[in-house]
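Since the structure comes first, as structure tokens, the remarks are kept for the end.
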Amino acid sequence: MIRNYLKQKADNCGASIGALIGAGTLGQFPQFLAQYLQKVRGHIDEARNSANYLLKMSGVSEELTQRAEDLQSGLDAIGSAGELEKLLQFIRHVDFQIFGRTLENFEPGVTFNSEGILYCGVGALAGLVGYEITKGTLGTLYRRRKNKKLAKKP
């Protein structure tokens, strides 16, 4: 009786920790996205200014113009996406150089608007699912090992 009670409490704690980790992680996405988009806008301005300068100096600016257009395309796609679709558009259009720099300078924060709450909720659900999958996998491995030991005994 006490053993089952302790198992249930441990399971509840594990599920709660999984939900908190998921909510805390995915809940950061809106804040990270805002900082990422700010850097993208800076890169677009830099590419356009450099392209204009090079065009005036030598007539060569195709690469920078193309980079600015690619970044602007991604920015437009993310900006016009719905709340949950932003994550998918971000993944589709991410620039890994800007992503790395954003991650280096990321200032954690939680936005208390509908988008922030939505991502926290989705993160909590993902954390619970991750916990249940891990628990099920470890339980299966434990039972298999236990059954092998029992089968070897004469």
query: From the residues in region 1-27 that are at pLDDT 90 or above and among the polar types (S, T, N, Q), which one is farthest from Gln72 (Cα to Cα)?
result: Gln8
- prompt: So how many residues does region 115-144 have that are loosely packed, with under 15 Cβ neighbours inside 10 Å and closer than 18 Å to Gln35 by Cα?
  reply: 0
query: Looking at (1) free of Cβ contacts under 8 Å to residues at least 12 places away in the same chain; (2) assigned to a helix (DSSP H, G or I); (3) farther than 27 Å from Gly14 by Cβ; (4) over 16 Å from the mean Cα position of the chain (by Cα), which is the one condition that is false for Leu138?
result: (3)
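So which of Gln35, Gln31 ends up being in contact (Cβ under 8 Å) with a residue 24 or more places away in the chain, in contact with a helix residue (DSSP H, G or I) (Cβ under 7 Å, 6 or more places away or on another chain) and assigned to a helix (DSSP H, G or I)?
Values: Gln31 fails: in contact with a helix residue (DSSP H, G or I) (Cβ under 7 Å, 6 or more places away or on another chain).
That would be Gln35, the only listed residue that is in contact (Cβ under 8 Å) with a residue 24 or more places away in the chain, in contact with a helix residue (DSSP H, G or I) (Cβ under 7 Å, 6 or more places away or on another chain) and assigned to a helix (DSSP H, G or I).
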field: Exclusive hit being outside any helix (DSSP H, G or I) and either over 16 Å from the mean Cα position of the chain (by Cα) or not polar (S, T, N, Q) (or both), set Glu83, Glu69, Glu46
entry: Glu83
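The values are calculated or read from the model by the stated rules, or taken from the named source; none is laboratory data. Note that the structure is a prediction, hence the values are computed from the model and not measured. Glycine gets a Cβ as well: all are built from the backbone with ideal geometry, and neighbour counts include every protein chain shown.
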